[in-house]
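Asker: Encoded as structure tokens, here's the structure I'll be asking about.
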Amino acid sequence: MSTSASGRGSQLQKFFSWRLHGDGKSISPGEVVMPYERLTWPRTIGIGAQHVVAMFGATFLVPLLTGFPPNTTLFFTAIGTLLFLAITAGRLPSYLGSSFALIVPIVAVSQSLGPAFALGGIIATGATLATVGVIVHFAGARWIDVVMPPIVTGTIVALIGFNLAPAAWNWVQQAPVTSVITIVAILLTTVLFKGIIGRLSILVGVLIGYAAAAIQNEVDYSAIGEAAWFGLPQFHAPQFAWSTLGLFVPVVFVLVAENVGHVKSVAAMTGQNLDDITGRALFADGLSTMIAGSGGGSGTTTYAENIGVMAATRVYSTAAYVVAALFALALSLLPKFGAIISTIPAGVLGGAATVLYGMIGMLGVRIWVQNQVDFADPVNLNTAAVAMIIAIANFTWVPAGMEFGGIALGSAAAIGVYHLMRWISKVRGTNLEAASPASAPAGTDLEWEGYASRHKGTGQQ
């Protein structure tokens, strides 16, 4: 057996037989519980429950915003998480929750063609992501950085969040008082509480908003009494239409960015080199999304919410995620539980969506900041400028019956504008031309080597 094959077998074995970390009760300063380790089972179960709570708010908001059955979505997140852990041989701790990037295409297609065609689009998205995963596994992840540098990745993530803004406003208008209460509760929880409560500000805000809505008689409880205590989720068959691909496929760029970012985050926190499983992570997420779409669930993605739990507990054990997936699976088999979730009124959704959609947009900005994207560079500036306006204004293009919306066109513009302008500037030798007034540098930008070389000898400081 080769060394690499032996290593893979060893990792898989560790996944199925986690080694006890120390005495299983405590973690020494500076240490972490590795993915192939665990604490005692009672402690592992407790941490798994924390992961369920961490992903709960965001995961359930997606079906509520899209109209999909909550229990069905939860069911497929559990199945997807177990599948993900198996494909990555237990080396990458992650919960696959509902992807917010798919909200816009799901809602758009559901309203125009019906939910079944939205499920077909989800499957197409998953198939594309799985294909990218196979390519990355054999060719390496370097080409992703070439095609999608930080300026492009950040722009695509940002434009998805900001494109969702009108949807949030529609809910807010239905119950503005409840929406404001929900927003204020989320914001105050974030700064008033430490630890996991502060990280669960969305969930706490939704609970407070729900209470406010109940006081104002905005909640309809009729569905709760009609729902059974135990039963399988509602499964739905997909349908396919070529016209939906323009809306769904661009979301793959976001899912790739989320997965790669998750791999890098876990690698940094555990001190492991996980580059070799990036392809498997992408493939597993794509396969999970395909399975979800085939049965009536929302697409999945690796959840940043759970990274916070790992950072707080210093427990990166995949055993905790297996427990979390089993918890979620059990909850998905309680129709009454799903009925309770479905009673969340529009005002609460509007408040939560206002914060969440804005956070998605700002995640793109954070990518720019973390990678020190230079907006004094006209190529970077114009890449973001054109793409953001196309997405926020929701430009549309309908060639041969296929509709491309703001997100699709904005994503294409980000990639196209960047690479075309960068190529032309290199050919023409204009990549060090002075920036436009709109991008006039300030502060530390004045220390940038490119700026200094442009103005050498001009007397400009």
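Here, each number is a calculation from the coordinates, and none is a lab measurement. Quick caveat, the model's predicted, so the values are computed rather than measured. Cβ coordinates were reconstructed from backbone atoms using ideal geometry, including for glycine residues, and neighbour counts include every protein chain displayed.
Asker: Starting from the Cα of Met359, move 7 Å in the Cα-to-Cβ direction to define the label point; list residues of region 148-164 whose amide nitrogen is under 14 Å from there.
Answerer: 161
Asker: Based on alpha-carbon centroids, what's the gap between region 56-101 and region 231-289 in Å, whole number please?
Answerer: 10
Asker: Let me ask something else. Starting at 0 and stepping by 10 Å, how many percent of the alpha carbon pairs of region 31-372 end up in each bin?
Answerer: Bin by bin from 0 Å, the calculated values are 6, 26, 37, 25, 6, 0.
Asker: Something else: Roughly how far apart, in whole Å, are the Cα centres of region 199-229 and region 111-125?
Answerer: Rounded to whole Å, the Cα centres lie 28 Å apart.
Asker: Taking Rh as the Kirkwood radius computed over C-alpha pairs, what is the Stokes-Einstein D of region 353-425 at 4 °C in a medium of viscosity 1.567 mPa s, expressed in µm² per second?
Answerer: Details: Rh = 13.4 Å.
My calculation gives 96 µm²/s for D.
Asker: Could you point to the residue in Gly225, Gly67, Met362 farthest towards the positive end of region 31-372's charge dipole, with +1 and -1 charges on the Cβ of Lys/Arg and Asp/Glu respectively?
Answerer: Comparing the listed Cα positions along the dipole, Met362 ranks first.
Asker: In bins 5 Å wide, starting from 0, what share of all Cα pairs of region 225-288 does each bin hold, as a percent?
Answerer: Taking every Cα pair in region 225-288, the percentages come to 3, 12, 15, 15, 12, 11, 10, 13, 6, 2, 0.
Asker: So if each residue of separation counts as 0.36 nm, and I subtract the Cα-Cα distance between Phe240 and Leu113, what length gain in nm does that give?
Answerer: Contour length minus the Cα-Cα distance gives 44.7 nm.
Asker: Want the number for Val369 to Ser17: 0.36 nm per residue separation, take away the alpha-carbon distance, what's left?
Answerer: Values: separation 352, 0.36 × 352 = 126.72 nm, distance 4.04 nm.
Using 0.36 nm per residue and subtracting the Cα-Cα distance, I get 122.7 nm.
Asker: Also, quick follow-up: Counting only Cα atoms, I'd like the Rg/Rh figure for region 23-163, Kirkwood definition for Rh.
Answerer: Details: Rg = 18.4 Å, Rh = 18.0 Å.
When Rh is taken as the Kirkwood radius, the ratio is 1.02.
Asker: Compute the projected area of the convex hull of the Cα atoms of region 273-379, averaged over all viewing directions, and report it in nm² to one decimal place.
Answerer: Working: hull surface 43.7 nm².
Computing the convex hull of the Cα atoms and averaging its projections yields 10.9 nm².
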